[in-house]
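Below is one structure, written out as structure tokens, with a few remarks after it.
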């Protein structure tokens, strides 16, 4: 299907849940012609409503065998105990990090989130963080809004602090209302982190010194 035909077929469409339009999807690519992909889904429903645009891009990006009738496999990467330490003598690998992104049901994606959405998401996550206990999970949440300078400096030195999105995210409206509703949670050992409201709703990060992949995977598996 030709590009103009796709455009004409989608330009009047709007999602039911959050009223997303084709403009919401393509505005970052229009503003940044050097973007490698150029589209952002503003909400889950957009993948269906604007499927004639998304499907070919997703198929080309992911390569062989990826079509609309395929589904993401369950997020299970195996028994962490089966992963060996890649550098048991600690000669070569300084540290290992595993990261995953997650979206929270009931919220639009960042391009369509208002200030109240970010606040609600943050409050929801703070409630969850306060229930986390134990050496792997118990810790502290630091909101970017009103963050004290000494806390900010410590997080920068630890390489934990994330910044406002780049020009691609800004053009997609994925950095709106910054820093409202954004923050960082980490455990006491600083080996388990969760970013709230960055590019995804959540970025979950596990890391530690050395090359023991199993130990790094275990907290998020």
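The values are calculated or read from the model by the stated rules, or taken from the named source; none is laboratory data. Note that the structure is predicted; figures quoted are calculated from it, not measured. In this analysis, Cβ positions are derived from the backbone assuming ideal geometry, glycine residues included, and neighbour counts consider all displayed protein chains.
Per the listing 141, 118, the residue uniquely under 19 Å from residue 181 (Cα atoms) and in contact with a strand residue (DSSP E or B) (Cβ under 6 Å, 6 or more places away or on another chain) is 141. Those helices (runs of 4 or more DSSP H) of the stretch 46-143 in which at least 2 residues are more than 22 Å from the chain's Cα centre (by Cα), considering only elements entirely within it, cover 51-62, 134-137. The sole residue among 150, 199 that is within 29 Å of residue 39 (Cα to Cα) and either at pLDDT below 95 or not assigned by the TED database to the domain that holds residue 95 (or both) is 199. Of the residues making up the stretch 185-207, those that are touching a helix residue (DSSP H, G or I) at 6+ places or on another chain (Cβ under 7 Å), surrounded by 18 or more Cβ atoms within 10 Å (Cβ to Cβ), in contact (Cβ under 8 Å) with a residue 60 or more places away in the chain and not in a loop (DSSP other than H, G, I, E, B) are 185, 196, 206. In the stretch 26-46, how many are buried (at least 16 other Cβ atoms within 10 Å of the Cβ), in contact with a helix residue (DSSP H, G or I) (Cβ under 7 Å, 6 or more places away or on another chain) and over 15 Å from residue 105 (Cα atoms)? Going through the stretch 26-46 one residue at a time, the tally reaches 7. Filtered by the rule that a residue be out of contact with any helix residue (DSSP H, G or I) (no Cβ under 8 Å at 6 or more places or on another chain) and either surrounded by 12 or more Cβ atoms within 10 Å (Cβ to Cβ) or in contact (Cβ under 8 Å) with a residue 12 or more places away in the chain (or both), the stretch 89-108 gives 90, 92, 93, 94, 95, 99, 101, 102, 103. When each of 129, 66 is tested for being closer than 14 Å to residue 202 by Cα and surrounded by 11 or more Cβ atoms within 10 Å (Cβ to Cβ), the lone residue that passes is 129.
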